[in-house]
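Trainee: Pasting a structure below so you can have a look.
What follows draws every value from the coordinates through simple rules; no lab data is involved. Remember, predicted model here, so these are calculated numbers, not experimental data. Note: ideal-geometry Cβ built from the backbone for every residue, glycine included; neighbour counts use all protein chains shown.
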Amino acid sequence: MKKYWILGVVPLVGVGLWWYGTLPTGSVMAETNGLHAHPIVEIYVSGERIEIPTEIGVGPQYADLPKYGMGGMAMTPIHTHKDVPIIHLEFSGPVSDEDIELRRFFEVWGRDIGSFGALSLMEVNGEVSTTYGSHVMRDGDIIKLFYE
């Protein structure tokens, strides 16, 4: 009986350890089976709204990155379309909070969160926030960044 118990448990533990090893490290899991969310990001410099470009994270320059290929169209899991200021978060598989931090959007854009000047105020859903680049974007968030 002991032999059969070991033969059943050892493979289960092995599979569990393998799965655990595939998860992103160093942060809390946001989702284990993909994520599809749409926060809104608005940027204001000296009171003037800055237009976020369309097709950030979309294009042939992403084609060589296997995890970003989506049905022949190359795009990163964080991207924009023509409906900006909506940011598209479209991940498959495990997603950590770190993967969906606001700074990740700026990285895909090729900009730094401080590249518009001194960030004087950040609002998330109408509330002042000091999380800045480490803010974990969620579906329906309205994120406003005000620069001097």
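Trainee: Return Thr32, Thr130 ranked ascending by Cβ neighbour count within 10 Å, so the fewest neighbours appear first.
Mentor: So the residues, fewest neighbours to most, are Thr130, Thr32.
Trainee: In addition: Within the set of other residues whose C-beta is less than 15 Å from the C-beta of Gly47, count the net charge using Lys and Arg as +1 and Asp and Glu as -1.
Mentor: Working: positive: Arg49, Lys144; negative: Glu42, Glu48, Glu51, Glu123, Glu148.
Local net charge: -3.
Trainee: By the gyration tensor of its Cα atoms, with a ≥ b ≥ c the square roots of the eigenvalues, what is the shape of segment 93-148: rounded for a/c under 1.5, prolate for a/b over b/c, or oblate? Could the numbers behind the result be given before it?
Mentor: Details: a/c = 2.42, a/b = 1.29, b/c = 1.88.
Since a/c reaches 1.5 but b/c is at least a/b, the shape of segment 93-148 is classed as oblate.
Trainee: What is the local net charge at Ser115, summed over the other residues whose Cβ is closer than 12 Å to its Cβ (Lys, Arg +1; Asp, Glu -1)?
Mentor: The answer is 0.
Trainee: Now a separate question. Which trypsin sites (Lys or Arg not before Pro) in segment 70-148 pass both tests, a DSSP loop state and at most 15 other beta-carbon atoms within 10 Å?
Mentor: Here the sparse-neighbourhood loop sites are Lys82, Arg111.
Trainee: Further question on the same structure: Express in % the proportion of alpha carbon pairs of segment 27-147 at distances exceeding 16 Å.
Mentor: Values: 4419 of 7260 pairs.
Of all Cα-Cα distances in segment 27-147, 61 percent exceed 16 Å.
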